[in-house]
Amino acid sequence: MGRTLVAGGAGFLGAHLVRRLATKTQVVVVDDLSAGQTSVLEEFKALGVTTLVMDCRETKALVAALQSGDTLDRIIHLAANSDIRRSALEPEIELNKTFETTVSLLAVAAALGCNEFIFASSSAVYGDWPGQRLSELTPCRPISYYGAAKLASEAFIAAAVHNQPLAACILRLPNVIGSGMTHGVLVDFVEKLRRDPRVLSILGDGSQRKSFLLVDEVVDVMVLPGIVPTLGVSTYNVAVDDNLSIQEVARIVLRELRLKDVTISCGTSPNGWVGDVRWYLMDGSSLALQGWRAQRSSSEAVTAAIRQLGGLEGFASAKA
Ligand SMILES: NC(=O)c1ccc[n+]([C@@H]2O[C@H](COP(=O)([O-])OP(=O)(O)OC[C@H]3O[C@@H](n4cnc5c(N)ncnc54)[C@H](O)[C@@H]3O)[C@@H](O)[C@H]2O)c1
């Protein structure tokens, strides 16, 4: 059996995926640790996972590092910028970290004869579609540079399958949550409550509605047999059947943390930050045909994530 390369494998989602994959196949992780956690590296070692601490845009060096050993069967590409608020002010971050990582990893696949590619895309490719259920055929009109770089990556992958012996699967993920998470609204809330347990301030007016999925369920999709087609590219929404307002998320967090008499303070803008999508809800029927449906609603996922994290102290440190 050949190897699987997980790019961005030391990140939140990557660590969960690597733990699952390592029991079944040889795994190599490449991560520059710009956002990944060094704490998982010892664990990876114990699991027999090889970790290359390097930037996956260093195409030649990465090819050289992977050249010896068993064949490279599959690349799972999770490496990207996760600080979407920051890239609103510095769009080149998305060019470098979200788009160029994709271009480089496609070149690595071509150089090493790897012909299966999975890409962690995002609901952010759609932009704002209030009140609509988004199918994979809904036009993509991203409103953040992050969403734009994910969409540009998707386009490059779609072209690559015509230019090299490659088949690819693109997964458009909702908000992914669970143990080990380091960013996102739950981490933001917990960080604020640690600083001041009397007030929880929400970015935007709190009416923004998003879907939430537990990280284990995302891993289930990534390891589904047949998720990578034999030819061409398949694009799937990894959908949850409902969405939750950020105010509802805040109430679940306070309930689960058993915090009383907390004032929820909302802003006035309908968006949390420039580029924040106000409303999305994806349709999951394409992936249902592959045998996968989300097991939990968004509120069940948020509740489960807070319980998994074990209270205020269970969260890793948040990034800005
Ligand atoms: N977490 C979510 O809610 C969510 C939602 C939609 C899509 N996604 C996508 O899923 C993927 C994983 O998300 P995550 O939450 O685990 O993010 P994360 O930031 O925790 O993980 C990304 C990893 O990529 C690494 N990385 C970044 N640039 C790199 C580079 N040039 N070379 C090598 N490593 C690099 C980082 O160090 C980090 O470990 C990302 O592509 C993200 O855009 C995540």
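The values are calculated or read from the model by the stated rules, or taken from the named source; none is laboratory data. Computed from a predicted structure; not experimentally measured. We place every Cβ from the backbone using ideal geometry, glycine too, and count neighbours over all the protein chains shown. These accessible areas exclude ligands, DNA and RNA; they are computed on the full protein's heavy atoms, side chains included. Shrake-Rupley method; radii C 1.70, N 1.55, O 1.52, S 1.80 Å.
Couple of notes before you dig in:
- In this entry, residue 21 passes the filter for residues that are away from the ligand (no atom under 14 Å from the Cβ), surrounded by 18 or more Cβ atoms within 10 Å (Cβ to Cβ), touching a residue at least 40 places away in the same chain (Cβ under 8 Å) and assigned by TED's automatic domain parsing to the domain that holds residue 172.
- Failed condition for residue 233, given (1) away from the ligand (no atom under 13 Å from the Cβ); (2) within 24 Å of residue 12 (Cα to Cα); (3) touching a residue at least 12 places away in the same chain (Cβ under 8 Å): (2)
- Cross-chain or 6+ apart pairs with Cβ under 8 Å, the stretch 272-292 first and closer than 25 Å to residue 86 by Cα, then in a helix (DSSP H, G or I) and aromatic (Phe, Trp, Tyr): 275/145; 275/146
- Within the stretch 189-210, residues that are open to solvent by less than 60 Å² (accessible area, probe 1.4 Å) have Cβ atoms under 7 Å from residues that are among the basic types (Lys, Arg) in these pairs: 200/192; 201/192; 208/278, counting only partners at least 6 apart in sequence or on another chain.
- Selection from the stretch 80-102 of residues that are touching an Asp or Glu at 6+ places or on another chain (Cβ under 7 Å) and under 19 Å from residue 6 (Cβ atoms): 81
- Scanning the stretch 59-66 for residues that are under 22 Å from the mean Cα position of the chain (by Cα), in the same structural domain as residue 223 (by TED's automatic domain parsing) and not aromatic (Phe, Trp, Tyr) turns up nothing.
- Taking (1) at positive phi; (2) open to solvent by less than 50 Å² (accessible area, probe 1.4 Å); (3) of a type outside the set (A, V, I, L, M, F, W, C) in turn, residue 243 satisfies each apart from (1).
- Close pairs from the stretch 161-184: first of a type in the set (Lys, Arg), partner within 8 Å of the ligand (Cβ to nearest atom), Cβ under 8 Å, at least 6 apart: 172/121; 172/122; 172/123
- Residue check: residue 139 meets all listed conditions (1) more than 21 Å from residue 4 (Cα to Cα); (2) at pLDDT below 95; (3) more than 16 Å from the ligand (Cβ to nearest atom) but one, namely (2).
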